[in-house]
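Each reported figure results from applying straightforward, stated rules to the coordinates on display, with no laboratory input. On a predicted model such as this, the values are computed, not experimentally measured, just so you know. Cβ coordinates were reconstructed from backbone atoms using ideal geometry, including for glycine residues, and neighbour counts include every protein chain displayed.
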């Protein structure tokens, strides 16, 4: 399992919701945890490793073993306070920009045993969950960045497009 980079189409389409746990769920989660560890990520959505499945991992501290697994997550409410904060993304190496997001979210999801749960997240964890849920919906953070950050990233985005095209079989 490895990180998929922009503009791979799997990043730009909505992931499939799970009706039940796949037989290889343990293998999927093990692979995603390994990628998060190697890449030093604090969040990872299945599309970022090439799987169009509605699964994400979020690690509020970045420490191995504290990942929260969310299957079919949905934001059910947001708090009133929003702020601009800088974000990056493993699928967009070298790109950083400020994104305006609510500081509190309530998310309904299913856990690793497919039991329905709800989590209220604040600050960094709220931001990570929103960023990763965007991935599951085929949305990418560069489209939500401040215009000035998007312009600053234009050359790097083109480099990623060129690298993607050069890596595709002819």
Exposure proxy check on 151, 29: fewest-to-most Cβ neighbours within 10 Å is 151, 29
Going by how many other beta carbons lie within 10 Å of each one, how would you line up 155, 10, 128, 99, fewest first? 155, 10, 99, 128
Within region 44-72, list the residues whose amide N lies under 11 Å from a label point set 7 Å along Cα→Cβ of residue 117. 58, 67-71
Based on DSSP, what percent of beta bridges with both residues in the chain are antiparallel, to the nearest 5? 95
Mean 1/r over distinct Cα pairs of the chain, inverted to a Kirkwood Rh in Å, yields 16.3
Sorting 114, 6 on the 10 Å Cβ count, fewest up front, what's the list? 114, 6
